[in-house]
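Taking it in order: structure first as structure tokens, then the write-up.
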């Protein structure tokens, strides 16, 4: 069994402030060496997204800088080292550190129209809902880039889920040179109702943190949230429960929100889902929607009754009847769940990509640094639900839908609405299969027209048309179908005219077909578009091959 340690959203705090021991530079350097040696000795398999050489180079740089750094800068420096592995379970754990950090009294959330203050302490009510423009004069996008190395970002969705926490911690802001010096006050540039203004926020007492649940502040006591309180959308109902279900009669849909892969104290997962599937079988139900947008994981051995129950319920295990809502908090054991649903059911994923790699390093060991006592959580278990060629940065939704701040503020849920309003004749679930069938049927005009429409449809944002078409072209080449391959490659250049790889592939199509002059023209075009890059390198090698072949002849 494996359990996700919930150390990310509270990464910078502890329960109560402990007395801090002042360490010497030598002691911090000893901790750094211990971390380096432990990784090399016991966790060398983590070197997948970074190299041993790059890791060691960063270690030496930090080691030499330590005598001139403040304590929090050293800690953030080591956090960046651990985060460089880019696995969300592998993180330097501030939560249990005797060095608590300071947090601003606000909660930031990334919407599709910017970063907004989702929740705030009542003393700053005027800033509630405002869009963040800059931190201490640093534009928000630049500030996000500066804190990126500190976050153990498995992918960009993971970063989007947790960057708000890091942007509100003053020690991080200073270590990453967003604020020029440590201070208990930070000035933010905000925008609200079309007007920009500046607001100075004073940090919470050392060790205290903004009270959030599933990354959101709930309105309670001294804390305010931007969402209107006259109603509650389904995904935020009954948050005291891990899961609940509701029947939406106007849509003949059963809606389930499951926010952890753990048993709720009121009933365990098998009992809960047995009730769900019994209701479906015995009532007028056309669709099942399972919402795991808030689900950060738990124990993946508890996924079985969900998957098998869906398989056995033929009434809803059909294309267009089973929907799973995913997003930036869909992580860890929940990634295992959506992998299994993708493998064995007729699920349609709606929402944003997940925040976990499809195959990933999960469970971690707690490794305590000897002098500072700061724990590093280092992953050791490789979870692979899919073959390596189906791996990827995340699970992409079949239908991409995200949320604006105004939709959040007014309790709308465009993701759920997309699932409820799904019509089979309005959406292509597998674009590659659809395009292939049109190609094989010889319907070239329709293929071009409808592919262009899909490429420009935001719902298909995370389907990689360019790569899939390119791979289809190479499959045709490998079968000796040169003219067909040229058609596909040429079509790809029309869809993505700024991609040097598309022109490089078209060049190879003409080369294989024996049209060397056209191939040379296109290879030169690809080289000019990508000077010094990998496409130019390949094109240069192919041109040399063509010239060598001509000389032999």
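Could you list, in sequence order, the residues of region 186-208 that are touching a helix residue (DSSP H, G or I) at 6+ places or on another chain (Cβ under 9 Å) and either over 21 Å from residue 148 (Cα atoms) or not in a strand (DSSP E or B) (or both)? I'd like the intermediate steps shown before the answer.
Just the residues of region 186-208 that are touching a helix residue (DSSP H, G or I) at 6+ places or on another chain (Cβ under 9 Å), to begin with: 186, 188-190, 192, 197, 199, 201-203.
Hits for region 186-208 are 190, 192, 197, 199, 201, 202, 203.
Find the residue count for region 336-348, including only residues that are in contact with a strand residue (DSSP E or B) (Cβ under 7 Å, 6 or more places away or on another chain) and closer than 18 Å to residue 260 by Cα. It would help to see each step written out before you state the result.
Within region 336-348, the first condition is being in contact with a strand residue (DSSP E or B) (Cβ under 7 Å, 6 or more places away or on another chain), and the residues that meet it are 336-338, 341, 345-348.
Going one step further and asking which of them are closer than 18 Å to residue 260 by Cα, we end up with 336-338, 341.
Looking only at that region, the number is 4.
Taking the residues in region 296-320 that are in a loop (DSSP other than H, G, I, E, B) and on the phi > 0 side of the Ramachandran plot as candidates, determine which candidate is surrounded by the most Cβ atoms within 10 Å (Cβ to Cβ). Before the answer, list the steps.
Taking region 296-320 and keeping what is in a loop (DSSP other than H, G, I, E, B), we get 296-297, 299, 303, 313-320.
Now narrow it down to the ones that are on the phi > 0 side of the Ramachandran plot: 297, 320.
Details: 297: 27, 320: 15.
Ranking the candidates gives 297 first.
Name every residue in region 366-387 that is part of a strand (DSSP E or B) and on the phi > 0 side of the Ramachandran plot, in order of residue number.
None - no residue of region 366-387 is part of a strand (DSSP E or B) and on the phi > 0 side of the Ramachandran plot, so the list stays empty.
Looking at 207, 275, which is the one that is assigned by TED's automatic domain parsing to the domain that holds residue 138 and either surrounded by fewer than 14 Cβ atoms within 10 Å (Cβ to Cβ) or more than 25 Å from residue 327 (Cα to Cα) (or both)?
207
Pick out the one residue from 257, 293 that is in a loop (DSSP other than H, G, I, E, B) and in contact with a strand residue (DSSP E or B) (Cβ under 8 Å, 6 or more places away or on another chain). Please lay out each step first, then the result.
Values: 257 fails: in a loop (DSSP other than H, G, I, E, B).
Among 257, 293, only 293 is in a loop (DSSP other than H, G, I, E, B) and in contact with a strand residue (DSSP E or B) (Cβ under 8 Å, 6 or more places away or on another chain).
What are the residues in region 348-365 that are in a loop (DSSP other than H, G, I, E, B), within 30 Å of residue 38 (Cβ to Cβ) and in contact with a helix residue (DSSP H, G or I) (Cβ under 9 Å, 6 or more places away or on another chain), if any?
We begin by selecting, within region 348-365, every residue in a loop (DSSP other than H, G, I, E, B); these are 352-359, 362-363.
Okay, now just the ones that are also within 30 Å of residue 38 (Cβ to Cβ), so 354-359, 362-363.
Listed by number, the residues that qualify are 354, 355, 356, 357, 358, 359, 362.
Looking at the structure I just gave you, is residue 258 surrounded by 20 or more Cβ atoms within 10 Å (Cβ to Cβ) and more than 18 Å from residue 317 (Cα to Cα)?
Details: surrounded by 20 or more Cβ atoms within 10 Å (Cβ to Cβ): yes; more than 18 Å from residue 317 (Cα to Cα): yes.
Spelling it out, residue 258 is indeed surrounded by 20 or more Cβ atoms within 10 Å (Cβ to Cβ) and more than 18 Å from residue 317 (Cα to Cα).
Looking at region 375-397, which of its residues are crowded, with 23+ Cβ neighbours inside 10 Å and over 18 Å from residue 329 (Cβ atoms)?
Answer for region 375-397, where residues must be crowded, with 23+ Cβ neighbours inside 10 Å and over 18 Å from residue 329 (Cβ atoms): 376, 378.
Restricting to region 418-438, give me the number of residues that are in a helix (DSSP H, G or I) and either in contact (Cβ under 8 Å) with a residue 40 or more places away in the chain or within 22 Å of the chain's Cα centre (by Cα) (or both).
Residues flagged as in a helix (DSSP H, G or I) and either in contact (Cβ under 8 Å) with a residue 40 or more places away in the chain or within 22 Å of the chain's Cα centre (by Cα) (or both) within region 418-438 amount to 5.
I'd like the residue in region 214-233 that is closer than 30 Å to residue 280 by Cα and surrounded by 14 or more Cβ atoms within 10 Å (Cβ to Cβ) and, out of all such residues, is nearest to the chain's Cα centre (by Cα).
Among those residues, the one meeting the criterion is 214.
Would you be able to tell me the number of residues in region 234-254 that are assigned to a loop (DSSP other than H, G, I, E, B), under 27 Å from the mean Cα position of the chain (by Cα) and farther than 30 Å from residue 204 by Cα? Break it down stepwise before answering.
Taking region 234-254 and keeping what is assigned to a loop (DSSP other than H, G, I, E, B), we get 237-242, 252.
Next cut, under 27 Å from the mean Cα position of the chain (by Cα) only: 237-242.
Now restrict to residues that are farther than 30 Å from residue 204 by Cα: none.
Number satisfying all stated conditions: 0.
Just to be sure before I move on: is residue 83 touching a helix residue (DSSP H, G or I) at 6+ places or on another chain (Cβ under 8 Å), modelled with pLDDT of 95 or more and farther than 28 Å from residue 359 by Cβ in the structure I sent? Give the derivation first.
Working: touching a helix residue (DSSP H, G or I) at 6+ places or on another chain (Cβ under 8 Å): yes; modelled with pLDDT of 95 or more: yes; farther than 28 Å from residue 359 by Cβ: no.
For residue 83, the condition - touching a helix residue (DSSP H, G or I) at 6+ places or on another chain (Cβ under 8 Å), modelled with pLDDT of 95 or more and farther than 28 Å from residue 359 by Cβ - is not met.
Which pairs do you get when a residue that is free of Cβ contacts under 8 Å to residues at least 12 places away in the same chain, found in region 508-520, comes within reach of a residue that is surrounded by 16 or more Cβ atoms within 10 Å (Cβ to Cβ), reach meaning Cβ atoms under 6 angstrom, with the pair 6+ apart or on two chains?
518/510
Quick check, is residue 531 more than 30 Å from residue 415 (Cα to Cα), modelled with pLDDT under 95, out of contact with any strand residue (DSSP E or B) (no Cβ under 7 Å at 6 or more places or on another chain) and not in a helix (DSSP H, G or I)?
Numbers: more than 30 Å from residue 415 (Cα to Cα): yes; modelled with pLDDT under 95: yes; out of contact with any strand residue (DSSP E or B) (no Cβ under 7 Å at 6 or more places or on another chain): yes; not in a helix (DSSP H, G or I): yes.
The answer is yes for residue 531.
The values are calculated or read from the model by the stated rules, or taken from the named source; none is laboratory data. Quantities reported herein were computed from a predicted structural model and do not represent experimental measurements. We place every Cβ from the backbone using ideal geometry, glycine too, and count neighbours over all the protein chains shown.
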